[in-house]
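The structure under discussion appears below in the form of structure tokens.
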Amino acid sequence: MVKVGIPRGLFYYYYGNIWKHFFKFLKIPYIISPNTNKDIMNRGLKYSNDEMCLAFKTYLGHAAYLQDKCDYLLVPRIDNFKQDNQTCTNFLSAYDIIHNTFEVKVLNYNIDLEHGEALKKGLIKIGKELGFDKQKIHQAYRYAMKKNEEDKQREITINLNKLKSTKTKILLVSHPYNTYDDLIGKEIIKYLKQNDVEIIYSDKFDEKITNKLSLNLSKDLYFKYSRDNVGSIIYAKDKIDGVIFLSAFPCGPDSLVNELVMRKIKIPHINLVLDDTSSFTGTETRLESFIDVLRGLNHD
Amino acid sequence: MTKIAYPLMGDYHVPAKFLLSHILNAEIISPPPITNKTIELGTKYSPEFVCTPFKYTLGTMIESIEKGANALIQMGGGCRYGYYAEVQEQILKDLGYDVTLINLVTKGKTDFRRIVREFKKIDKHFSLLKALYYGFITVKMVKYMDTIDDYIRENIGFELEAGSFEALKFKMLRDFGKVDSYHELYKKYKYYLKEFAKVKIHKPDNCLKIGIIGELYTVMEPFSNYFLEKELAQNHIEIKRFTNAHYLLFEKTWAIKRYLKDMKPYIKYQMGADASDNIARTKYLCEAGYDGIIHIKSSFCTPEIGAMPIINKIAGQYEKPVIFFSFDANTSETGIKTRLEAFYDMLEMRRGK
């Protein structure tokens, strides 16, 4: 039986859950690369160009880790969710870069709603490539979507309940592949939790609501994941004490979107930009003073 | 009265000014040419790690405002370029300038309805018919300029009398800006085609040939690539460049399909902005017998960064030298020169073998 490798980066944080359920239902063995560590980071640096964004460098590291441990790598391409919801160009080019950099075969599908390429079509294509019949794949797809929806709703409820907390509440505005990455967001989350801060995650909102809300801050914004993030700020703005913008250096959409949002919102905020040479000590100092400022505002 | 200004890129300020002055009842402010001050201003007020065209255009905007402009035009492309306008408008507002930004694109794509709406806001008597007529002339002007530019690029390195091409081009642009009908433009174009053919050149059959590919703004605005083409011409090299305004506006949509077909063993999808185009051009340059490839881009241009490993791979397979330049506001000019010199020394040595 063939084994599918899933790099733990970028797409994984949006679709990993669906993939896992899909492959489990079809009983396809799969391997997910471990949490990002120094070894994976170094592999990524070896294969990447020095101007690539930190998240993409680690993604290449994950792919490099998996290249001799599986038969197929799963690397989709996400172009757009209709014209006003496009993605960063790294999401467009990941498949072609991986395909040209590594020897391993790549399982691939394309999401391009403007041209009728949707997730369902993509997963069916993958199922067929792995030799399953249509009916079984459809079942697996429905199962995976249902499970994923349940998991997502649960996470959203937990996240929204945090807005009622009496602790200092901070909205962490960041892409999930940065937030939950061990070398990027983990230390920050750990530090905030130690300091008794309630963290609200910008990616765990109902995207149908936040995506539209983003229009209040920016009319022309057309990056899907940035729109979801921006919308979450508007959704939560009266219930939170501060906002932390976290991005990977040099993220294309964030460089403009975060700049615009920071100029427009009136909530206290800081902007953290991490690259492969950042040390946590510097970040820690900034987080410490930010929390102090927020608490000072609350108690006066 | 509205005083309108536009961003600068290469020589395209001539058709831009021509079009605006004919279709809008507004004062047209010509932005001052790009200088070191422009990029300094732009860098000062730009976000930290944005790509360089943002800084150049922002700098030009501020300089235009100082010249009296109160409405600024911004365009867009298939990457974050399409989102420049809104951020730049906010930056200018925070600086205390009272200006409107006229964004000609929606979600990264040229939007004609929006253009008409925006122009109607400026000029109540804006006539679509007139705009279409002058738009047609402008498109032709761009096409003619690009054709002549291609000829110049092939031959400027071999002119007998230094500066003759540039002087003639200067005259041509001045004349193009003054035309009033398509017929007149066509006559001027034919005249200058003959004039350019008359310029004396001495071109050896085995001259070095280099192809320039890369990110569109850096390729088209000579100031932002530290006058790379001029530098190459001084070393008697024939230059081939693909990206120009006519290509981006009209040919790209069709070309990209052909490119993707050609490039099947390497790439499957469009990789954003001009990345896939440049990969296809790399293969073309390798097969067409060019001596080397120069890839230029502004710092942090994400689509081109993605294209670079694949370009490198293709050039490696064809054993063609390729050199990458990433330009920023504070790139050292000496560094560029040294690397370029080493590059064509190497090309000449390969020729000698």
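Using the Stokes-Einstein relation with a Kirkwood hydrodynamic radius computed over Cα pairs, the translational diffusion coefficient of region B:139-234 at 20 °C and a viscosity of 1.002 mPa s comes to 146 µm²/s. Peptide B:262-271 shows a mean partner chain C-beta count of 5 within 10 Å per residue C-beta.
Remark: region B:90-106, residue by residue, has Karplus-estimated 3J(HN,Hα) of 5, 4, 5, 5, 5, 7, x, 8, 9, 9, 10, 9, 9, 8, 7, 10, 10 Hz, where x stands for each Gly or Pro and the curve is 6.51 cos²θ - 1.76 cosθ + 1.60 at θ = phi - 60°. Check each of the chymotrypsin sites (Phe, Trp or Tyr not before Pro) in region B:238-325 and keep only those in coil by DSSP with at most 10 other C-beta atoms within 10 angstrom; list them in order. When the chymotrypsin sites (Phe, Trp or Tyr not before Pro) of region B:238-325 are filtered for loop state and at most 10 Cβ neighbours within 10 Å, nothing remains.
Apply the Karplus curve 6.51 cos²θ - 1.76 cosθ + 1.60, θ = phi - 60°, to the phi angles in region B:55-69 and return the couplings in whole Hz, x for Gly and Pro. Going residue by residue, I get 5, 4, 5, 5, x, 4, 4, 5, 5, 5, 4, 5, 7, x, 5 Hz, with x marking Gly and Pro. Annotation: amide H-H contacts under 5 Å for A:THR168 (H modelled 1.01 Å from N, sequence separation of 5 or more, or interchain): A:GLU198. Can you flag which of B:LYS130/B:LYS178; A:LYS164/A:LYS219; A:LYS38/B:LYS313; A:LYS20/A:LYS147; A:LYS24/A:LYS224 are past 22 Å Cα-Cα? Checking Cα-Cα distances, A:LYS164/A:LYS219; A:LYS38/B:LYS313; A:LYS24/A:LYS224 exceed 22 Å. Annotation: amide H of A:THR87 within the under-5 Å range of A:LYS224, sequence separation 5 or more or interchain, hydrogens built in the peptide plane. A:HIS62 contributes about 0 Å² of solvent-accessible surface, heavy atoms of the protein only, 1.4 Å probe. Protein heavy-atom accessible surface, 1.4 Å probe, per residue over chain B: 45 Å². The HN-Hα couplings worked out from phi for region B:334-341 by the Karplus form 6.51 cos²θ - 1.76 cosθ + 1.60 (θ = phi - 60°) are 4, x, 4, 4, 4, 5, 5, 4 Hz, whole numbers, x standing for Gly and Pro.
Determine the calculated [θ] at 222 nm for chain B from helices alone, applying -39500 (n - 2.57) to every DSSP H run no shorter than 4 residues and normalising by the residue count; nearest 500 deg cm²/dmol.
On the way: 14 runs with 190 residues, N = 353.
Here the helix-only value at 222 nm equals -17000 deg cm²/dmol.
Over all other residues within a Cβ to Cβ distance under 12 Å of A:GLU187, the charged ones net out to 0, with Lys and Arg as +1 and Asp and Glu as -1.
Quickly estimate the mean residue ellipticity at 222 nm for chain A, helices only: each DSSP H run with n ≥ 4 gives -39500 (n - 2.57), and the total goes over all residues, rounded to 500. Working shown, then result.
Details: 12 runs with 156 residues, N = 300.
Per the formula, -16500 deg cm²/dmol.
Can you work out the FRET efficiency for the pair B:LYS130 and B:LYS171, with r the C-beta to C-beta distance and R0 = 25 Å, to the nearest 0.05?
Details: r = 28 Å, r/R0 = 1.13.
About 0.30, to the nearest 0.05.
A run of chain A free of exposed loop cleavage sites, with trypsin sites (Lys or Arg not before Pro) counted only in DSSP states other than H, G, I, E and B and at most 16 other beta carbons within 10 Å, reaches its longest extent at A:83-166.
Of all DSSP beta bridges located in chain B, what percent are antiparallel, nearest 5? List each step's numbers first, then the result.
Values: 3 of 27 bridges.
Taking every DSSP beta bridge with both residues in chain B, the antiparallel ones total about 10 percent.
When nucleic acids and ligands are ignored and a 1.4 Å probe is applied, A:ASP241 ends up with an accessible area of around 40 Å². For B:LYS67, the aspartates and glutamates whose Cα comes closer than 18 Å to its Cα, not counting residues fewer than 8 places off in the same chain, are B:GLU27, B:GLU40, B:GLU89, B:ASP98.
If the Kirkwood radius is taken over C-alpha pairs of the protein assembly as shown, then at 25 °C and 0.890 mPa s the Stokes-Einstein diffusion coefficient equals 91 µm²/s.
Here, region B:204-353 has an Rg and a Dmax of 14.9, 42 Å when only alpha carbons are counted. For chain B, the normalised intensity computed at q = 0.15 Å⁻¹ comes to -1.46 (log10 of I(q)/I(0), Debye sum over alpha carbons, equal scatterers, no solvent). Amide H contacts of A:GLY5 (H built 1.01 Å from N, in plane; Pro and chain starts excluded): A:ILE31, A:ASP71, A:TYR72, A:LEU73, A:LEU74 sit under 5 Å, all sequence-distant by 5 or more or on other chains.
Tell me, which longest segment in chain B has none of the GluC sites (Glu not before Pro) that fall in DSSP loops with at most 13 further Cβ atoms within 10 Å?
Details: sites that count: B:GLU48, B:GLU161, B:GLU319.
Here the longest segment lacking exposed loop sites spans B:162-318.
The values are calculated or read from the model by the stated rules, or taken from the named source; none is laboratory data. The structure presented is a predicted model; accordingly, all values stated were derived computationally and were not measured. A quick note on method: Cβ atoms are made from the backbone with ideal geometry, for glycine too, and the neighbour counts reach across all protein chains shown. The accessibility values were calculated without ligands, DNA or RNA, using every heavy atom of the protein model including side chains. Shrake-Rupley method; radii C 1.70, N 1.55, O 1.52, S 1.80 Å.
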